[in-house]
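Report on the structure given below.
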Amino acid sequence: MAAQETKARILAAAFQEFADHGVAGARVDRIAKNAACNKNLIYVYFDSKENLFATVLDHHLADAYAGLEFTPQNLPDLARRVFDYAQANPDVYRLLAWATLERTAARPPAREREHDRKLPLIREQQDAGAVAGTVPPELILMAVMALATAWSPAFPFGATANPDTELETAAIREAVGAMVERIVRPER
């Protein structure tokens with residue numbers, strides 16, 4: 001049981017370290033200190049800093065996928081729920097941003113599986129006439145995710161600190177859903 005507790009502490013400390021500094025800027029010494037463990041244990045359990053990063057990212061993405069049921073029949077609602085998740089979990093999106101920018105860690109298998117699983121479900125909705133069939137499913141999924149996460153504090157065009165231009169979160173959420181609705185609405 002002590003090994004599992006130590007791994008859990010390492011993963012928690014690594015999550016914050018990687019969210020704050022990315023893979024290149026993260027320091028195993030800080031992770032070990034914050035996890036209250038020996039630095040060598042990190043290498044025993046995870047082999048490398050990059051593997052630790054991939055494990056942390058995969059774990060948090062799996063939690064996101066489990067908590068965000070994919071609803072291809074209602075993509076605007078999905079966009080709103082992803083928006084809510086991004087607002088509540090900006091560090092998860094910072095991890096994704098670091099993974100994309102640094103390209104030093106392997107792409108998490110859960111991310112690939114989820115992406116590949118969703119595309120035929122969108123295609124089914126297109127074939128049924130419920131979603132615009134003129135846009136490839138890959139672009140629809142990208143548009144939903146990009147719009148839903150763009151206002152996350154983790155992204156440069158997201159939340160603003162300027163009170164004169166700050167929009168209400170609820171208004172942004174509804175606008176995101178409306179934009180997705182316009183993208184996916186079939187032509188009649």
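Observations
- All positions within segment 85-139 that are over 16 Å from the mean Cα position of the chain (by Cα) and among the hydrophobic types (A, V, I, L, M, F, W, C): LEU119, LEU121, ILE122, ALA128, ALA130, VAL131, ALA132, VAL135, LEU139
- Candidates are the residues of segment 133-150 that are among the small types (Gly, Ala, Ser) and either under 20 Å from GLU187 (Cα atoms) or touching an Asp or Glu at 6+ places or on another chain (Cβ under 6 Å) (or both); the one that is surrounded by the fewest Cβ atoms within 10 Å (Cβ to Cβ) is GLY133.
- Complete set of residues in segment 41-75 that are of a type in the set (A, V, I, L, M) and under 30 Å from LEU121 (Cα atoms): ALA54, VAL56, LEU57, LEU61, ALA62, ALA64, ALA66, LEU68, LEU75
- Some residue of segment 125-132 being more than 16 Å from THR71 (Cα to Cα), of a type in the set (S, T, N, Q) and surrounded by 13 or more Cβ atoms within 10 Å (Cβ to Cβ): no
- Subset tally (residues that are closer than 17 Å to ARG103 by Cα and of a type in the set (Phe, Trp, Tyr)) for segment 16-54: 2
Values in this text are rule-based calculations from the coordinates and carry no lab data. Given the structure is predicted, the values throughout are model-derived calculations rather than measurements. Glycine also receives a Cβ, built like all others from the backbone with ideal geometry; neighbour counts cover every protein chain displayed.
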